[in-house]
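K.L.:
Next up is a structure, given as C-alpha coordinates.
The values are calculated or read from the model by the stated rules, or taken from the named source; none is laboratory data. Bear in mind the structure is a predicted one, so any value in this text is a computation, not a measurement. When we count neighbours, we look across all protein chains shown, and the Cβ atoms used for this are built from the backbone with ideal geometry, even at glycine. Calculation scope for accessible area: heavy atoms of the full protein, side chains included, ligands and nucleic acids excluded. Shrake-Rupley method; radii C 1.70, N 1.55, O 1.52, S 1.80 Å.
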Amino acid sequence: TERSSGRTRIVLFRLDSSDDQPMRRWGEIATDLSDARGFCMRQIDPGISVVVFDRRGEARHFMVAQAPDGGLVSRESQRFRINRPGTGCAIVTGENHLYVGHARRGFWRYSLSPQVTSPPRLMGQSGPSMIPGSASVSVLSTLPNTYLASLDRGHDAISLWRIDRDDLSWLGRVEVRDGPDGPKVHGLGDLDAYGGEREGFPGGVMVVHGRVGRGDPSLKFVDWSAVQSALGLETRPGTRPVQPNLVPVP
(Lines give C-alpha, C1' and ligand atoms only; values in the text may rest on other atoms or scores of the structure.)
Protein backbone atom coordinates (compact mmCIF):
# COMPACT_ATOMS: atom_id res chain seq x y z
CA THR A 1 0.00 0.00 0.00
CA GLU A 2 0.93 3.64 -0.44
CA ARG A 3 -0.54 6.65 1.34
CA SER A 4 -1.21 10.06 -0.16
CA SER A 5 -3.35 12.92 1.15
CA GLY A 6 -4.53 10.74 4.04
CA ARG A 7 -5.83 7.96 1.77
CA THR A 8 -4.51 4.52 0.91
CA ARG A 9 -3.72 3.20 -2.56
CA ILE A 10 -3.26 -0.52 -3.21
CA VAL A 11 -0.33 -1.11 -5.56
CA LEU A 12 -0.10 -4.36 -7.54
CA PHE A 13 3.00 -5.71 -9.26
CA ARG A 14 3.33 -8.35 -11.96
CA LEU A 15 5.91 -11.12 -11.72
CA ASP A 16 7.53 -12.58 -14.85
CA SER A 17 10.70 -14.63 -14.45
CA SER A 18 11.36 -14.44 -18.20
CA ASP A 19 11.57 -10.63 -18.05
CA ASP A 20 14.86 -8.80 -17.52
CA GLN A 21 13.01 -6.99 -14.72
CA PRO A 22 11.07 -9.82 -13.05
CA MET A 23 8.83 -7.52 -10.95
CA ARG A 24 7.12 -4.57 -12.61
CA ARG A 25 4.53 -2.19 -11.23
CA TRP A 26 1.21 -3.13 -12.83
CA GLY A 27 -1.14 -0.48 -11.48
CA GLU A 28 -2.95 0.81 -8.42
CA ILE A 29 -6.39 0.84 -6.83
CA ALA A 30 -7.57 4.05 -5.18
CA THR A 31 -9.52 3.69 -1.92
CA ASP A 32 -11.15 6.02 0.58
CA LEU A 33 -9.49 4.20 3.51
CA SER A 34 -7.04 6.10 5.68
CA ASP A 35 -4.95 3.36 7.27
CA ALA A 36 -4.97 -0.17 5.82
CA ARG A 37 -4.69 -2.96 8.38
CA GLY A 38 -5.48 -6.08 6.37
CA PHE A 39 -5.11 -7.07 2.74
CA CYS A 40 -5.68 -10.31 0.85
CA MET A 41 -6.29 -11.41 -2.73
CA ARG A 42 -6.99 -14.57 -4.68
CA GLN A 43 -7.14 -15.24 -8.39
CA ILE A 44 -10.66 -15.97 -9.63
CA ASP A 45 -10.62 -16.51 -13.39
CA PRO A 46 -10.66 -14.32 -15.35
CA GLY A 47 -9.65 -11.78 -12.67
CA ILE A 48 -8.49 -11.23 -9.10
CA SER A 49 -10.60 -10.76 -5.97
CA VAL A 50 -9.06 -8.17 -3.61
CA VAL A 51 -10.14 -7.16 -0.08
CA VAL A 52 -8.62 -4.40 2.05
CA PHE A 53 -9.80 -3.09 5.44
CA ASP A 54 -8.63 -0.45 7.90
CA ARG A 55 -8.32 -0.28 11.69
CA ARG A 56 -11.93 0.85 12.04
CA GLY A 57 -13.11 -2.28 10.22
CA GLU A 58 -14.19 -0.48 7.06
CA ALA A 59 -13.73 -3.03 4.27
CA ARG A 60 -13.67 -2.71 0.48
CA HIS A 61 -13.94 -5.57 -2.01
CA PHE A 62 -12.58 -5.03 -5.53
CA MET A 63 -12.54 -7.12 -8.67
CA VAL A 64 -9.37 -6.62 -10.71
CA ALA A 65 -8.84 -7.56 -14.36
CA GLN A 66 -6.43 -6.90 -17.19
CA ALA A 67 -7.39 -4.22 -19.71
CA PRO A 68 -6.94 -4.78 -23.47
CA ASP A 69 -3.75 -2.70 -23.32
CA GLY A 70 -2.38 -4.90 -20.51
CA GLY A 71 -3.04 -2.37 -17.76
CA LEU A 72 -5.00 -2.84 -14.55
CA VAL A 73 -8.75 -2.26 -14.31
CA SER A 74 -10.51 -2.38 -10.91
CA ARG A 75 -14.14 -2.22 -9.87
CA GLU A 76 -15.44 -1.92 -6.30
CA SER A 77 -18.09 -4.61 -5.84
CA GLN A 78 -18.78 -4.41 -2.08
CA ARG A 79 -18.19 -2.37 1.03
CA PHE A 80 -19.00 -3.54 4.54
CA ARG A 81 -17.98 -3.12 8.19
CA ILE A 82 -16.01 -5.69 10.20
CA ASN A 83 -16.71 -5.73 13.94
CA ARG A 84 -13.49 -5.66 15.99
CA PRO A 85 -11.13 -6.92 13.27
CA GLY A 86 -7.78 -8.47 14.02
CA THR A 87 -5.02 -8.52 11.44
CA GLY A 88 -4.86 -10.59 8.29
CA CYS A 89 -7.50 -12.12 6.08
CA ALA A 90 -7.93 -14.88 3.52
CA ILE A 91 -10.29 -15.52 0.61
CA VAL A 92 -11.76 -18.95 -0.17
CA THR A 93 -12.57 -18.89 -3.87
CA GLY A 94 -14.72 -22.03 -3.97
CA GLU A 95 -17.01 -20.68 -1.24
CA ASN A 96 -16.47 -17.03 -2.18
CA HIS A 97 -15.98 -16.27 1.51
CA LEU A 98 -13.65 -13.92 3.35
CA TYR A 99 -12.09 -15.00 6.66
CA VAL A 100 -10.81 -12.30 9.03
CA GLY A 101 -9.23 -12.82 12.43
CA HIS A 102 -11.26 -11.40 15.32
CA ALA A 103 -9.45 -8.95 17.60
CA ARG A 104 -9.73 -11.33 20.55
CA ARG A 105 -10.85 -14.83 19.56
CA GLY A 106 -12.12 -16.70 16.53
CA PHE A 107 -12.61 -15.62 12.91
CA TRP A 108 -15.26 -13.67 11.07
CA ARG A 109 -16.62 -15.15 7.85
CA TYR A 110 -18.15 -12.79 5.29
CA SER A 111 -19.74 -13.59 1.96
CA LEU A 112 -18.06 -11.95 -1.04
CA SER A 113 -21.08 -12.51 -3.28
CA PRO A 114 -22.79 -9.10 -3.67
CA GLN A 115 -26.17 -10.75 -4.13
CA VAL A 116 -25.88 -12.65 -0.81
CA THR A 117 -27.09 -10.64 2.19
CA SER A 118 -26.46 -13.20 4.97
CA PRO A 119 -24.92 -11.71 8.13
CA PRO A 120 -21.27 -12.41 9.04
CA ARG A 121 -20.59 -15.49 11.11
CA LEU A 122 -18.12 -15.74 14.02
CA MET A 123 -16.34 -19.10 13.77
CA GLY A 124 -13.66 -21.02 15.61
CA GLN A 125 -14.66 -20.10 19.16
CA SER A 126 -15.17 -23.76 20.06
CA GLY A 127 -11.40 -24.44 20.03
CA PRO A 128 -9.26 -24.62 23.18
CA SER A 129 -9.22 -21.41 25.19
CA MET A 130 -5.40 -21.14 25.20
CA ILE A 131 -5.14 -20.61 21.42
CA PRO A 132 -3.55 -17.18 20.84
CA GLY A 133 -5.23 -14.61 18.65
CA SER A 134 -4.40 -14.55 14.96
CA ALA A 135 -1.72 -12.33 13.42
CA SER A 136 -2.11 -13.66 9.87
CA VAL A 137 -4.54 -15.95 8.07
CA SER A 138 -4.29 -18.17 5.01
CA VAL A 139 -6.48 -20.88 3.50
CA LEU A 140 -5.57 -23.90 1.39
CA SER A 141 -7.67 -26.62 -0.22
CA THR A 142 -6.51 -30.21 -0.60
CA LEU A 143 -9.28 -32.60 -1.56
CA PRO A 144 -11.51 -33.41 0.16
CA ASN A 145 -10.91 -30.69 2.80
CA THR A 146 -10.24 -26.97 3.09
CA TYR A 147 -7.98 -25.75 5.88
CA LEU A 148 -7.37 -22.44 7.61
CA ALA A 149 -3.84 -21.69 8.82
CA SER A 150 -3.45 -18.99 11.45
CA LEU A 151 -0.16 -17.46 12.56
CA ASP A 152 -0.37 -17.06 16.33
CA ARG A 153 -0.15 -13.51 17.64
CA GLY A 154 3.13 -14.30 19.41
CA HIS A 155 4.66 -15.19 16.01
CA ASP A 156 6.07 -18.46 17.34
CA ALA A 157 3.62 -21.13 16.11
CA ILE A 158 0.88 -21.83 13.58
CA SER A 159 -2.63 -23.03 14.46
CA LEU A 160 -4.47 -25.23 11.99
CA TRP A 161 -8.21 -25.57 11.49
CA ARG A 162 -10.41 -27.54 9.12
CA ILE A 163 -13.32 -25.61 7.62
CA ASP A 164 -16.47 -27.64 8.31
CA ARG A 165 -19.44 -25.90 6.72
CA ASP A 166 -20.44 -23.27 9.28
CA ASP A 167 -17.64 -23.72 11.82
CA LEU A 168 -13.93 -24.45 12.20
CA SER A 169 -12.55 -27.66 13.71
CA TRP A 170 -9.26 -27.04 15.53
CA LEU A 171 -6.56 -29.56 14.54
CA GLY A 172 -3.56 -28.39 16.55
CA ARG A 173 -0.54 -26.09 16.62
CA VAL A 174 2.93 -26.56 15.16
CA GLU A 175 6.32 -24.92 15.48
CA VAL A 176 8.49 -24.64 12.39
CA ARG A 177 12.01 -26.07 12.55
CA ASP A 178 14.95 -25.34 10.28
CA GLY A 179 15.13 -28.86 8.85
CA PRO A 180 14.65 -32.20 10.64
CA ASP A 181 15.73 -31.89 14.30
CA GLY A 182 16.90 -28.34 13.52
CA PRO A 183 16.52 -25.23 15.67
CA LYS A 184 13.21 -23.44 15.99
CA VAL A 185 12.35 -20.74 13.45
CA HIS A 186 11.09 -17.70 15.38
CA GLY A 187 9.69 -14.30 14.57
CA LEU A 188 7.32 -15.90 12.07
CA GLY A 189 5.40 -13.60 9.75
CA ASP A 190 3.74 -13.30 6.35
CA LEU A 191 2.09 -16.71 6.43
CA ASP A 192 0.70 -18.04 3.14
CA ALA A 193 -0.45 -21.49 2.03
CA TYR A 194 -1.25 -23.23 -1.26
CA GLY A 195 -3.12 -26.49 -1.72
CA GLY A 196 -2.66 -28.97 -4.53
CA GLU A 197 0.50 -29.85 -6.36
CA ARG A 198 3.28 -27.28 -6.61
CA GLU A 199 6.76 -27.79 -8.01
CA GLY A 200 8.63 -29.80 -5.40
CA PHE A 201 5.55 -30.00 -3.14
CA PRO A 202 3.05 -32.55 -4.48
CA GLY A 203 0.77 -32.18 -1.45
CA GLY A 204 0.77 -28.39 -1.13
CA VAL A 205 3.02 -25.96 0.74
CA MET A 206 3.01 -23.38 3.55
CA VAL A 207 5.35 -20.39 3.33
CA VAL A 208 6.46 -18.34 6.34
CA HIS A 209 9.00 -15.62 6.96
CA GLY A 210 11.24 -16.12 9.96
CA ARG A 211 14.78 -16.45 11.26
CA VAL A 212 16.96 -18.92 13.14
CA GLY A 213 18.97 -17.57 16.06
CA ARG A 214 20.40 -14.17 15.19
CA GLY A 215 20.41 -14.86 11.47
CA ASP A 216 18.66 -12.77 8.86
CA PRO A 217 14.98 -13.46 8.20
CA SER A 218 14.29 -15.66 5.19
CA LEU A 219 11.42 -17.56 3.58
CA LYS A 220 10.77 -21.07 4.87
CA PHE A 221 8.86 -23.55 2.68
CA VAL A 222 7.01 -26.28 4.59
CA ASP A 223 5.61 -29.31 2.77
CA TRP A 224 1.92 -29.66 3.61
CA SER A 225 2.45 -33.42 4.00
CA ALA A 226 4.78 -32.61 6.92
CA VAL A 227 1.98 -30.58 8.53
CA GLN A 228 -0.42 -33.51 8.19
CA SER A 229 2.19 -35.89 9.58
CA ALA A 230 2.95 -33.66 12.58
CA LEU A 231 -0.75 -33.41 13.47
CA GLY A 232 -1.57 -37.06 12.76
CA LEU A 233 -3.84 -36.27 9.82
CA GLU A 234 -4.41 -38.55 6.88
CA THR A 235 -2.29 -37.70 3.84
CA ARG A 236 -3.53 -37.74 0.28
CA PRO A 237 -2.99 -41.14 -1.40
CA GLY A 238 0.19 -41.13 -3.49
CA THR A 239 1.81 -38.27 -1.56
CA ARG A 240 5.47 -38.99 -0.84
CA PRO A 241 6.62 -39.20 2.81
CA VAL A 242 8.66 -36.21 3.96
CA GLN A 243 11.15 -35.51 6.71
CA PRO A 244 9.21 -33.61 9.35
CA ASN A 245 10.36 -30.07 10.09
CA LEU A 246 7.43 -29.25 12.35
CA VAL A 247 6.82 -30.01 16.00
CA PRO A 248 3.33 -30.19 17.55
CA VAL A 249 2.91 -27.85 20.51
CA PRO A 250 0.11 -27.61 23.13
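K.L.:
By the gyration tensor of its Cα atoms, with a ≥ b ≥ c the square roots of the eigenvalues, what is the shape of segment 127-182: rounded for a/c under 1.5, prolate for a/b over b/c, or oblate?
P.N.:
oblate
K.L.:
Ranked highest first by the average count of other Cβ atoms within 10 Å around their residues, in what order do 153-161, 19-27, 132-140 fall?
P.N.:
Per-residue mean Cβ counts within 10 Å order the peptides as 132-140, 153-161, 19-27.
K.L.:
Out of the total accessible area of the chain (probe 1.4 Å, heavy atoms of protein only), what percent is carbon and sulfur?
P.N.:
47
K.L.:
With the Cα gyration tensor of segment 135-244 giving a ≥ b ≥ c as the square roots of its eigenvalues, does the rule (a/c under 1.5 for rounded; else a/b larger than b/c for prolate; else oblate) give rounded, prolate or oblate?
P.N.:
oblate
K.L.:
Could you give the size of the charge dipole of segment 137-220 about its Cα centre, using +1 on the Cβ of each K and R and -1 on the Cβ of each D and E, expressed in debye and rounded to the nearest 20?
P.N.:
Using Cβ point charges on Lys, Arg, Asp and Glu, segment 137-220 gives about 180 debye.
K.L.:
While we're on this one: Apply the Karplus curve 6.51 cos²θ - 1.76 cosθ + 1.60, θ = phi - 60°, to the phi angles in segment 201-209 and return the couplings in whole Hz, x for Gly and Pro.
P.N.:
Coupling constants for segment 201-209: 9, x, x, x, 8, 10, 10, 10, 10 Hz.
K.L.:
In deg cm²/dmol, rounded to 500, what helix-only [θ] at 222 nm does the chain give when every DSSP H run of at least 4 residues adds -39500 (n - 2.57) and the total is split over its residues?
P.N.:
Calculated from helices alone, the mean residue ellipticity at 222 nm is -1000 deg cm²/dmol.
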